[in-house]
Amino acid sequence: MSCRQCVCVKNIRYLVGVKKMTDCQGDGEGTNSPMEVYEKLTAQGEEVRALKTAKAEKAEIDAAVQLLLKLKVDYKQLTGQDYKAGCPPSETCVAPDNRPSADGANDEDTVDPWNVSTSNAKGVDYDKLIVRFGSSKIDQELVDRIEKVSGQKPHHFLRRGIFFSHRDMHQVLDAYEKHKSFYLYTGRGPSSDSMHVGHLIPFIFTKWLQDVFDIPLVIQLTDDEKYLWKDLTLEECHRYAVENAKDIIACGFDVNKTFIFSDLEYMGASPEFYRNVVKIQKHVTFNQVKGIFGFTDSDCIGKISFPAIQAAPSFSNSFPQIFKGRKDIQCLIPCAIDQDPYFRMTRDVAPRIGHPKPALLHSTFFPALQGAQTKMSASDANSSIFLTDTPKQIKNKVNKHAFSGGKDTVEEHRKYGGNPDVDVAFMYLTFFLEDDEQLEKIRQDYISGALLTGELKKLLIETLQPIISQHREQRKKVTDERVKHFMTPRPLNFNF
Ligand code: TRP
């Protein structure tokens, strides 16, 4: 998960890139191959976005939108198909564009691996995101089915819609019912040695899945990715990977069922892994990754080829020591929804190189203390509660920085009540307070005004302090040897 600074850099680059693209656009005459019109359309879409971002004059934006619409009509006439960003005319469609629509129709949320933002205080509109990304909602029926198949009460992240979207989860359950195994894959980009509570969400959930289904788990630490995207040395990134591994191990994973690897180490040690990377690279074009990830001509080629490295662990023969060379074991990936672009790409490539498509479970974002317009960021100390924060720091941060949905004065609050939907303390309780009844009572009392903001914050502080202290205790127990054990390629306790 990237820092704000990184997002800025990306936006600036993006604007520069757009300028270049429009400069060489010509006047629209004499270009009639589908690919040329497609490229013009893509450039024009970016132009519209850039103008909107730069808050340009309305007339200028309208003119750019008009040109965009004209190009869309031309494209349809030429190809018989609707234009889709990220889907060049001559290639199979990898994925719908995950960026906001460029036709000026509405201001949608921004969700990609480097940027999460919305103008809505309640946070990202996740139902819309499901439609835009083409995934499926985790509805009550699926939650019930997970309960039936696993024989366990569904985790509160499932009960409360924190994991809200999926791809092919029914298929995984069908197979599991027929006694076919599957494996879990998740990961973390180690951009610093301080992880915050939001980073724990996918791991807490993955641990639950591992316990419930009793299956192997691989965890990718993308130290290579952070080196490519950030101003860090290879040594720093690798060191962060090992430090982060300690926090991950502290979540309670079973060493006999879990393999944690750093890309910088494992890529060189595993020919099978690298073979999959190369196969994936051969089956995705520059145009496709541009469409999916928004890369521009000035991005280094490491970034452009990196998605193949995040895709490779989705295929079981990348881990011959665990799966004995089998390539048909289905993979299930729990991750935050911003990682979906990587896996849309992976799912497109999979059948073409003879692998099952990975299934996915997507989570919402863990909001920043300042409000759900963006997610927590490790680079902004005041936006996050770190796993290293002391009980006192937790108390101060929550009291000082957590955005409140309460009223300005006690009198008003008692009279009109607070709004839990925008209240960060309440949102955090939905993540960390396990008791459904207690949570519902808190919600009702806050709405009615019986519970004040200060009291709500106190409840959160008392919930978080022991969780983080316990994590710190567990982390202390993780020795270098133990990390090494988790990170050594070896068979796990499963027979394939
Ligand atoms: N790119 C992710 C990040 O920056 C790390 C990652 C790698 C990951 N593989 C993954 C996350 C699989 C979720 C699932 O955090």
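FYI, it's all coordinate maths here, none of it is from the lab. Predicted model, so just to flag it, every value in this text is computed and none were measured. Here Cβ is always computed from backbone atoms with ideal geometry, including for glycine, and neighbour counts include all displayed protein chains.
For the chain, the mean residue ellipticity at 222 nm estimated from helices alone is -16000 deg cm²/dmol, where every DSSP H run of n ≥ 4 contributes -39500 (n - 2.57) and the total is divided by all residues, rounded to the nearest 500. Each Cα pair under 8 Å and six or more residues apart adds its sequence gap; the mean of these over the residue count of the chain is a relative contact order of 17 percent. Between segment 136-158 and segment 164-216, the alpha-carbon centres lie 14 Å apart. When both segment 49-76 and segment 219-272 are represented by their alpha-carbon centers, they are found 43 Å apart.
Per residue, the convex hull spanned by the Cα atoms of segment 292-430 measures out at 184 cubic angstrom.
Treating the Cα atoms of segment 302-381 as identical point scatterers in vacuum, please give the log10 of the normalised Debye intensity I(q)/I(0) at q = 0.10, 0.14, 0.22 Å⁻¹, two decimals. Reported log10 I(q)/I(0), two decimals: -0.33, -0.58, -1.01. When Lys and Arg each count +1 and Asp and Glu each count -1, what net charge do the other residues less than 10 Å away from Asp389, Cβ to Cβ, add up to? Neighbourhood net charge equals +4. Judged by the gyration tensor of its Cα atoms, with axes a ≥ b ≥ c, segment 143-182 is oblate; a/c meets the 1.5 cut and b/c is at least as large as a/b. Longer than 27 Å from Cα to Cα, which of Lys375/Lys457; Lys72/Lys357; Lys128/Lys246; Lys279/Lys303 are they? Say none if no pair is. Pairs exceeding the cut-off: Lys72/Lys357; Lys128/Lys246. Close amide H pairs (under 5 Å, H built 1.01 Å from N) link Lys375 with Val116, Ala368, residues at least 5 positions away or on another chain. In terms of overall dimensions, the C-alpha atoms belonging to the chain reach 68, 65, 46 Å along their principal axes, ordered largest to smallest. Computed from point charges on the beta carbon alone (+1 for Lys and Arg, -1 for Asp and Glu), the dipole magnitude for the chain about its Cα centre is near 900 Debye. Screening the chain for whole DSSP H helices with an alpha carbon extent of at least 27 angstrom along the helix axis and a mean Kyte-Doolittle hydropathy of at least -1.0 yields 4-23, 34-53, 58-79, 453-476.
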